[in-house]
1. Which of the following residues is at pLDDT 75 or above and surrounded by 10 or more Cβ atoms within 10 Å (Cβ to Cβ): Glu440, Glu411, Glu452?
2. Scan the range 437-449 and give yes if some residue there is over 53 Å from the mean Cα position of the chain (by Cα) and in a helix (DSSP H, G or I), otherwise no.
3. Considering only residues of the range 23-45 that are surrounded by 16 or more Cβ atoms within 10 Å (Cβ to Cβ) and farther than 21 Å from Asp72 by Cα, which is farthest from the chain's Cα centre (by Cα)?
4. If we scan the range 628-646, do we find a residue that is at pLDDT below 90 and among the hydrophobic types (A, V, I, L, M, F, W, C)?
5. Is it the case that some residue within the range 743-752 is surrounded by 13 or more Cβ atoms within 10 Å (Cβ to Cβ), without any contact (Cβ under 8 Å) to a residue 24 or more places away in the chain, out of contact with any helix residue (DSSP H, G or I) (no Cβ under 8 Å at 6 or more places or on another chain) and outside any loop (DSSP other than H, G, I, E, B)?
6. Please return the ranges of strands (runs of 3 or more DSSP E) entirely within the range 538-625 where 1 or more residues are touching a residue at least 12 places away in the same chain (Cβ under 8 Å), among the β-branched types (Val, Ile, Thr) and touching a strand residue (DSSP E or B) at 6+ places or on another chain (Cβ under 8 Å).
7. Consider Ser585 against the criteria (1) touching a helix residue (DSSP H, G or I) at 6+ places or on another chain (Cβ under 6 Å); (2) closer than 15 Å to Thr663 by Cα: it satisfies all of them except one. Which criterion is unmet?
8. Name the pairs whose Cβ atoms lie under 6 Å apart, with the first residue in the range 116-135 and without any contact (Cβ under 8 Å) to a residue 24 or more places away in the chain and over 18 Å from Ser49 (Cβ atoms), the second assigned to a helix (DSSP H, G or I) and not basic (Lys, Arg), and 6 or more positions between them or separate chains?
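The values are calculated or read from the model by the stated rules, or taken from the named source; none is laboratory data. Quick caveat: nothing in here was measured; it's all calculated off a predicted structure. In this analysis, Cβ positions are derived from the backbone assuming ideal geometry, glycine residues included, and neighbour counts consider all displayed protein chains.
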Amino acid sequence: MRPIKLTISAFGPYASKQVIDFEELKGRNIFVISGKTGAGKTTIFDAISYALYGEASGESRETDSLRSHFADDNTETYVELEFELRGERYIVNRVPKQKKKRVRGDGYTEKTADATLILPDGKVITKVTNVNDKIIEILGITKEQFKQIVMLAQGEFKKLLLAKSDEREGIFRKIFNTYDFEKIQIELKNKAATLSKNRAKSKDKMQTNLENIKGDHDIVIGEYVDFPLVIEKLKDLLERDNNIYKTLNEEGKEVDNKLQVKNQEKAIIETNNNLLKEKEIITKALEELLSKEDEYKNKAKTIIDGKNAKEVKYIEDKLIETTKKLTKREEDYNLSLKNVDSLKLEQEEANKLLQIEESKECDREKLSVEINNLNKLEEKIIELDSLNNKVMHLKQSAENSKLQIINNKKETEELKKSKEEKELQLKDIANLETKKVEIESDIKAKNKTLDEVRELFKVIRSFQNTYIEHNNKAKEYKAFEVEYKKVKENYEKMDDLYKKEQAGILASKLQENEPCPVCGSTNHPNKATIKENLKIPTKEELKVAKENLDKLEKDLPKKFENVIADAGYESEENYMYLSKHNQKSYIKPQNYEKSKNKKFKVDISKRENMIYDEENDYYICAYGNKLVPISSKIKTSKSGYKSNVTIYESENCNECPYKSKCTKAKGNKRLHVSKDFVKKRKTSLENISTEKGKLLRMNRSIQVEGAFGVLKQDYGFRRFLSRGKNNIKTEFALLSFAYNIQKLFNKMSQNRNGILLHEKKIA
């Protein structure tokens, strides 16, 4: 895998969009990314790892915390990687889970994670799981293997070194694609085994020939034996066998040489094909780019012109808007100047009048002097009177002017005060209106709360009555249960004793020379006897006891037909208990979630992935070996339950090529299987897979798990406030009491009394 271009946005310490073009290296395969601590070196590797597998390169980095804290709310976090593999290019884009600002209103919405993969042929793959599976298929390695060998994060190089030999073997096999060599190795091993078998047969034949020479040869053992002839024949046989052996070895060497030559030829052909493909792709891309050169130039010119026109239009609009604002401001300023000028003129006229009136004070004094001087002159008395009248008139007008000015000031002040008072009154009225609305809403809320409290008190009274009734019935049931257990125990003892002593009862009725009802013999030498001090119940007494038990069982309360439980309650003991009491189990198997994974399905060591022959009672492994039962044992649980476990063992694992993947045992593979448990688990799995089973499991999650969620999240119950078992029991009982009352109230409000199950909502 060769990276071509990496694009990151609001990722890690990078607040904005960043693009790393690896093609600028111009074919340099070795380069260094350097920088200070915290500069973002590891973020580049995190981005590549996240783009491919949806996870960062290091274990300490969580996927949900990859968004940059410095990015704007409108900037989306994403990573896009373009890479090349085997001469073909791929583009993968991933968006992590992140909070996005709402388009309307305040707050944020959560955006789920998404991924897309563009294949070389233009096909687009969407959704995270589909992209993950396709990436693993393309690269041939998982995310863990990628971290170990391709992109070793800080502090994780040690993991590859400390990995088990089997794990390292699998990693390197996938990386270097040595599956063909593994097949060749297995074939060579098989051929070597065949050759060794042929060699053994040849040795057996040679021994047989020797024996035949001794037995069937026409040599007559007597006075003279032709030993040189016998030796020559033996030499011929030895030479023939040696020639065969040499021929076989030479054939093996020839096969190895041919395989090496074929592998070399194959590698050369693959390299040439890849080079031709790359050449074709580059040629096509170059031709396309050259053909579209003029088009790109025209588009670039159009874009530049459009940008310039847009900028000019924006400047003109801004200029017009600014001119309008300036004109309006000038008009307002001129109007203000006019108002100021008029006010100044009015002030100047008032000042002039005041100065005129003040200057007349001197004239009045002069006139008074003249009047005193002219008192002596009778002719001027009339003029003096007139002057006095004028002076009085002027004084009166001056006083009137002063009074008018004072009155105007008072009126202005009174108007200001009245305006302020009215504003205060308006504010008081607005506040009173607001308080009125608040009081009315408060009254409505309190009335609603009062109605709810009244309804709640009704529910509480009903619950109290029900609770008292329940306690009384519980006491009655406990007394009934004690009596039932006594009667049942008594009947079981009587029945057991009656069955055990049947031989003695039958023997007591036997007579000599009369046939035995069991064996038919008329001779009874050793009759069975009843143990002393034992009161054996009669058939009539046993019948009466059984009738009493059946009567009590009819009066027993209704028992639950179906039992739904989570995986933590799965055990053979629980399965057998439910089966004994005729109750149907809907228990989730402990391996239910794991069994759906691809890793579990391809694990050849699991019993579930082996073939089981029920008729002959044996398992068949991936290599074809049989695992047959060799023994059995009794396994006792902590509660005292005893389970019968059958032990299966493989016939021979020594020559199996998959042994390292199947078992770590030095000897043969073994399975410890409880047949009863396997059968019950299968039945329970079938039950939960039905539509009814899915509905019951869904309601268990809602009604059981949901109760704890409400207590923790809605009621804020995070820890107990008391100490001691009794106090904690009391506290939890009060919480349960409150939860049940609330649940009952909601069911009564929604008219859902008597409805036990939540039906599935189908969109």
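1. After ruling out the rest, the residue left standing is Glu440.
2. no
3. Thr42
4. Looking for residues that are at pLDDT below 90 and among the hydrophobic types (A, V, I, L, M, F, W, C), one finds none in the range 628-646, hence no.
5. So far as the range 743-752 goes, yes, one or more of its residues are surrounded by 13 or more Cβ atoms within 10 Å (Cβ to Cβ), without any contact (Cβ under 8 Å) to a residue 24 or more places away in the chain, out of contact with any helix residue (DSSP H, G or I) (no Cβ under 8 Å at 6 or more places or on another chain) and outside any loop (DSSP other than H, G, I, E, B).
6. 562-565, 584-587
7. Only one criterion is unmet by Ser585, namely (2).
8. Matching pairs, first to second residue: Ile125/Val131.
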